[in-house]
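Participant: Mind looking over this structure? Questions follow.
The values are calculated or read from the model by the stated rules, or taken from the named source; none is laboratory data. In this text the structure is predicted, and so the values were computed from the model without any measurement. Neighbour counts are summed over all protein chains in view; Cβ atoms, including those assigned to glycine, are modelled from backbone coordinates with ideal geometry. These area figures cover heavy atoms from the full protein model, side chains too; ligands, DNA and RNA do not enter into them. Shrake-Rupley method; radii C 1.70, N 1.55, O 1.52, S 1.80 Å.
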Amino acid sequence: MAAANTCYFMMVVWAAERFKMDVVSLEMEAEGEVEEHLDRTSWFKRVTFYPRIVVKDSSKEVVQRALEMAIKYSTINQSFKSELLIKPDIVIQ
């Protein structure tokens with residue numbers, strides 16, 4: 001989970017820069033739901049990210065688009081077989 005969370009965090013920073021957003025703060029939490037199989041293998045069935053981002057002079061739509069772009073280009077997260085969910089808390093100042 002730590003690698004997935006860090007990768008997504010860095011890609012959010014990248015996307016915010018690309019969209020020229022004035023980020024005041026960014027916090028990130030993630031949780032994963034593991035699926036166990038009969039052959040003793042397991043993988044994440046679902047990974048949910050909970051970014052809390054505070055930005056100045058932007059719209060929620062632009063921030064949401066940046067968050068979605070970040071997950072799209074997050075190499076580690078795209079390598080998972082799991083469903084990736086984003087449940088953001090977006091604050092515009």
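Participant: Could you tell me which residue of the stretch 10-42 is farthest from Ile92 (Cα to Cα), considering only residues that are open to solvent by 70 Å² or more (accessible area, probe 1.4 Å) and in a helix (DSSP H, G or I)?
Facilitator: To start, the set of residues in the stretch 10-42 that are open to solvent by 70 Å² or more (accessible area, probe 1.4 Å) comprises 10, 14, 17-18, 20, 22, 24, 27, 29, 31, 33-34, 36, 38-40.
Checking the rest, the ones that are also in a helix (DSSP H, G or I) come to 10, 14, 17-18.
Numbers: Met10: 20, Trp14: 19, Glu17: 16, Arg18: 18 Å.
Within the stretch 10-42, the match that is farthest from Ile92 (Cα to Cα) is Met10.
Participant: In addition: Take Val62 and decide whether it is among the hydrophobic types (A, V, I, L, M, F, W, C) and either surrounded by fewer than 14 Cβ atoms within 10 Å (Cβ to Cβ) or touching a residue at least 40 places away in the same chain (Cβ under 8 Å) (or both). First the steps, then the outcome.
Facilitator: Numbers: among the hydrophobic types (A, V, I, L, M, F, W, C): yes; either surrounded by fewer than 14 Cβ atoms within 10 Å (Cβ to Cβ) or touching a residue at least 40 places away in the same chain (Cβ under 8 Å) (or both): yes.
Yes.
Participant: Further question on the same structure: Go through the stretch 65-93 and give me each residue that's free of Cβ contacts under 8 Å to residues at least 24 places away in the same chain and open to solvent by less than 90 Å² (accessible area, probe 1.4 Å).
Facilitator: Step one: of the stretch 65-93, the residues free of Cβ contacts under 8 Å to residues at least 24 places away in the same chain are 68, 72, 78-79.
Result: Ser79, single match.
Participant: Tell me which of these Phe49 doesn't satisfy, since it passes every other one: (1) free of Cβ contacts under 8 Å to residues at least 24 places away in the same chain; (2) open to solvent by less than 70 Å² (accessible area, probe 1.4 Å).
Facilitator: Status for Phe49: all satisfied but (1).
Participant: Checking the condition at pLDDT below 95, in contact with a Phe, Trp or Tyr (Cβ under 6 Å, 6 or more places away or on another chain) and of a type outside the set (Asp, Glu), which residue from Lys81, Lys45 passes?
Facilitator: Details: Lys45 fails: in contact with a Phe, Trp or Tyr (Cβ under 6 Å, 6 or more places away or on another chain).
From the options Lys81, Lys45, the qualifying one is Lys81.
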